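Below is one structure, written out as C-alpha cells; comments come after it.
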Amino acid sequence: MMMRIGVLIIVLALTGKCWSQPKLTQLWVSDTILKTPESVVFDGAGKRLLVSCMHNNLTEKKGTGTIASIDLEGKPISMVWSTTLNSPKGMLLVNDFVFVTDINEVVAIDGRNGTILKRVTVDGAVFLNDIAVAEDGMIYVSDTRTGRIYKIEQLKASLYTEGLKNPNGLLCLGKDLYVLANGNLIKYDEKRQATVLATGMEASTDGLIMVNKKDFLVSCWSGVIYYVTAEGKVTQLLDVRNEKINTADIGFDFKKKIVYVPNFYKNTVTAYQLTF
C-alpha cells in the first residue's frame, strides 16, 4: 500500500498535478504619503502604480480626491497626478485611459497626464465602488450600498443586475462577469445567469484579480486576502486584522506575480510576492 502511495505521488509530481500552498511574502511598504488609498492599478508600461486616494471622504462631493502615482518600489512620483475627484475608488487602466469610480460617476482620465476627459453620471447610484471592462468594451461598475451592478455602453449607464448584498470587486473574463458580494464569488454568464463559485470568505470582500488564467486572489477590506481556485477552494493567505491594517482593492503584476495592496487608513501601499 505504501509503495502505491509513493508511486502516485511521483506520478502527480511529474504530471504537474500536485497543488502547492500559495504564499504571500512582503516586499516593501510605502511611506505614509497616500491619503486613504482605496485602489491600486499596476502600469507596467509606465513602470508605476496608480493609487486612488479618497482623502478620508466616503460620499461627499468635496473635490479633494486624487490619484497618486508611485514607482514600483513605493516611492512617490506625483501625489496629485490627477485631481478634482471626490471619493475615487476602483480603477481600470485601458490603453492610454484610466477609468475610476467616483460616488455616482465614472470618470475617464488621460493616462498620459492625468487630465479628466469625461464624467459619466450613473443615475440612481450612491456608492460606486469597483469597475471592470469586458472584451467587447462594455464597462461594469458595482454600487455597494444599493446592491446593484451597472453597465456602461457608449458613455450611457444602465442597470445590469440588482438584489446583491454589498457587491464590490468585479472582473470580466471572456463573456463572463465575476462579482464579489458579502463573502461570495459569483459568476454571471452572457445570459446573466448567476452561479456561486466560492463562499465562506470574510464579508468585506473587496478586490478581485486573476493570478494564473484560472485561479483568483480576493482581498477583504477588513484585512484578509484569500486564494480561490477555479473549483472554489478557498485558502487564506494573509490576515492582518489584529494589526488593524486594511487590504482594499488590490493591483497585480501578472508577469512577476507581485500583489499591490492599498492599506486605506494606514495611508500606505504594501507589495507582496505571490509564490506557489
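Give me Rg/Rg_expected for the chain, where Rg uses Cα atoms only and Rg_expected = 2.2 N^0.38 Å with N residues. Intermediate values should be presented prior to the final figure.
Working: Rg = 18.9 Å, N = 276, 2.2 N^0.38 = 18.6 Å.
This ratio for the chain stands at 1.01.
Kindly flag which residue pairs out of LYS61/LYS89; LYS75/LYS266; LYS62/LYS118; LYS165/LYS257; LYS47/LYS244 have an alpha-carbon separation exceeding 23 Å in this structure. Show your work: numbers first, answer last.
On the way: LYS61/LYS89 13 Å; LYS75/LYS266 16 Å; LYS62/LYS118 18 Å; LYS165/LYS257 31 Å; LYS47/LYS244 30 Å.
Going by Cα-Cα distance, LYS165/LYS257; LYS47/LYS244 fall outside the 23 Å limit.
Sort out for me the Cα centre separation of region 195-255 from region 109-152, rounded to whole Å.
22
What's the local net charge at LYS61, with K and R +1, D and E -1, over the other residues with C-beta under 12 Å away?
Values: positive: LYS62, ARG119; negative: GLU60, ASP102, GLU105.
Once positives and negatives cancel, what remains is -1.
Summing -39500 (n - 2.57) over the DSSP H runs of n ≥ 4 in the chain and dividing by its residue number, what mean residue ellipticity at 222 nm do you reach, to the nearest 500 deg cm²/dmol? Don't jump to the answer; show the numbers that get you there.
On the way: 1 runs with 13 residues, N = 276.
That comes out to -1500 deg cm²/dmol.
Which translational diffusion coefficient, to the nearest whole µm²/s, is obtained for region 52-137 from the Stokes-Einstein equation, given a Kirkwood hydrodynamic radius over C-alpha pairs, 10 °C and 1.306 mPa s?
Details: Rh = 13.1 Å.
Estimated diffusion coefficient is 121 µm²/s.
Okay, which of region 27-42 sit inside 18 Å, backbone N to the point 7 Å along the Cα-Cβ direction of ASP71?
In region 27-42, the label zone of ASP71 (backbone N under 18 Å from the point 7 Å along Cα→Cβ) covers 27-34, 42.
Could you compute Rg(Cα) / (2.2 N^0.38 Å) for region 87-205, with N its residue count?
On the way: Rg = 13.7 Å, N = 119, 2.2 N^0.38 = 13.5 Å.
Relative to the 2.2 N^0.38 Å estimate, region 87-205 comes out at 1.01.
Under Stokes-Einstein, with the Kirkwood radius over Cα pairs standing in for Rh, what whole-number D in µm²/s applies to region 154-199 at 25 °C and 0.890 mPa s? Working shown, then result.
Values: Rh = 11.2 Å.
After rounding, the answer is 219 µm²/s.
With a/c under 1.5 counting as rounded, go ahead and sort region 199-276 into rounded, prolate or oblate using the C-alpha gyration tensor (a ≥ b ≥ c being the square roots of the eigenvalues; past the cut-off, prolate if a/b is larger than b/c, else oblate). Kindly include the intermediate steps, with their values, before the conclusion.
Working: a/c = 2.05, a/b = 1.25, b/c = 1.65.
It comes out oblate by the Cα gyration axes.
Run the numbers on the chain and let me know its relative contact order in percent, using alpha-carbon pairs under 8 Å that are six or more apart. The partial results should precede the final answer.
Values: 760 pairs, mean separation 44.9, N = 276.
About 16 percent, as a whole number.
To the nearest 10 degrees, how steep is helix 2-14 against the longest Cα principal axis of the chain, on a 0 to 90 scale?
Once rounded, one gets 40 degrees.
Where a number appears in this text, it was derived from the coordinates with a stated rule and is not lab data. Predicted, not measured: the structure shown is a model, and the values here were computed from it. Note that each Cβ is placed from the backbone with ideal geometry, even for glycine, and that neighbours are counted across all protein chains shown.
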